[in-house]
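Have a look at the structure below, then the notes.
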Amino acid sequence: TVSVLYWQSIVMATPLDVQPLPYATDALAAKGMSKETVELHYGKHHKGYAVRLKAMAKANPEQYRAVTSVADVVVRSKEGSVPYNMAAQIWNHDFYWKSMSPSGGGKPTGALAAAIDASFGSFDAFVKKFSAVAAGHFGSGWAWLVFNAATGRL
């Protein structure tokens, strides 16, 4: 129908697309991530998830008509399904790229440093625990530091 075609041409162009990098592909080189590594992971892997998810949406427009974001696909999909995994990887990568900065890094100060010390005992203990958790995740090697509002701890 016309509405499906309109949806595919207008809405499909944005919610399932990969977010642009917040810096140049060579901007993290001084932090240890080469331009080639960023280009491979952003340009091939990250964008590849979006290409595959958009192909699924194009093939099944009724199923994806109300989708407004990759997070929406995750919520609407069965955990472990192909659409769930594709959308989760897009979101995960978007979050990953935004978590790094050419001017970032180093030991935190202020409230974050205090929260790390309260939750882990010290920054060194945090780095050890965080690195072990990341290394223990199959495939990605990523870990997120999150704040638990209920406990007030990281």
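Give the residues of the stretch 17-51 that are aromatic (Phe, Trp, Tyr) and either at pLDDT below 90 or assigned to a loop (DSSP other than H, G, I, E, B) (or both), sorted by residue number.
Initially, the stretch 17-51 is screened for residues aromatic (Phe, Trp, Tyr), giving 23, 42, 49.
Correct list: TYR23 only.
Can you report the number of residues in the stretch 130-146 which are surrounded by 15 or more Cβ atoms within 10 Å (Cβ to Cβ) and in a helix (DSSP H, G or I)?
Total satisfying the criteria: 1.
Would you tally the residues in the stretch 70-83 being out of contact with any helix residue (DSSP H, G or I) (no Cβ under 8 Å at 6 or more places or on another chain), open to solvent by less than 40 Å² (accessible area, probe 1.4 Å) and either closer than 15 Å to HIS93 by Cα or among the hydrophobic types (A, V, I, L, M, F, W, C) (or both)?
Total meeting the criteria: 0.
Please tell me if ALA88 is without any contact (Cβ under 8 Å) to a residue 40 or more places away in the chain and closer than 30 Å to ASP26 by Cβ.
Working: without any contact (Cβ under 8 Å) to a residue 40 or more places away in the chain: yes; closer than 30 Å to ASP26 by Cβ: yes.
When the stated conditions are applied, ALA88 passes them.
Might you let me know whether the stretch 62-74 holds any residue that is of a type in the set (Asp, Glu) and at pLDDT 85 or above? Give the derivation first.
Looking only at the stretch 62-74, we keep the residues that are of a type in the set (Asp, Glu), and these are 62, 72.
Still in the list and also at pLDDT 85 or above: none.
No, there is no match, as no residue in the stretch 62-74 is of a type in the set (Asp, Glu) and at pLDDT 85 or above.
If you scan the stretch 33-69, which residues turn out to be among the hydroxyl-bearing types (Ser, Thr, Tyr), under 17 Å from the mean Cα position of the chain (by Cα) and open to solvent by less than 80 Å² (accessible area, probe 1.4 Å)? Step through it out loud before you land on a result.
Start the filter on the stretch 33-69 by keeping residues that are among the hydroxyl-bearing types (Ser, Thr, Tyr), which leaves 34, 37, 42, 49, 64, 68-69.
Keeping just the survivors that are under 17 Å from the mean Cα position of the chain (by Cα) gives 37, 42, 49, 68-69.
Those that are among the hydroxyl-bearing types (Ser, Thr, Tyr), under 17 Å from the mean Cα position of the chain (by Cα) and open to solvent by less than 80 Å² (accessible area, probe 1.4 Å): THR37, TYR42, TYR49, SER69.
Looking at the stretch 90-109, which of the residues that are assigned to a helix (DSSP H, G or I) and in contact with a Pro (Cβ under 9 Å, 6 or more places away or on another chain) is farthest from LEU40 (Cα to Cα)? Give the derivation first.
Of all residues in the stretch 90-109, those assigned to a helix (DSSP H, G or I) come to 90-98.
If we keep only those that are in contact with a Pro (Cβ under 9 Å, 6 or more places away or on another chain) too, we end up with 97-98.
On the way: TRP97: 13, LYS98: 17 Å.
Result: LYS98.
Return the pair list, or none, for Cβ contacts closer than 8 Å from residues in the stretch 109-124 that are under 12 Å from LEU154 (Cα atoms) and without any contact (Cβ under 8 Å) to a residue 60 or more places away in the chain to residues that are open to solvent by 60 Å² or more (accessible area, probe 1.4 Å) and part of a helix (DSSP H, G or I), at least 6 apart or on different chains.
Cβ pairs passing all conditions: PHE120/LYS129.
Against the condition part of a loop (DSSP other than H, G, I, E, B) and farther than 18 Å from TRP142 by Cβ, how does PRO83 come out, does it pass?
Working: part of a loop (DSSP other than H, G, I, E, B): no; farther than 18 Å from TRP142 by Cβ: yes.
Criteria not met by PRO83.
The values are calculated or read from the model by the stated rules, or taken from the named source; none is laboratory data. Everything numeric in this text was worked out from a predicted model, so none of it was measured. Positions of Cβ are backbone-derived with ideal geometry, glycine not excepted, and every protein chain shown enters the neighbour counts. For accessibility, only protein heavy atoms count, side chains too; no ligands or nucleic acids. Shrake-Rupley method; radii C 1.70, N 1.55, O 1.52, S 1.80 Å.
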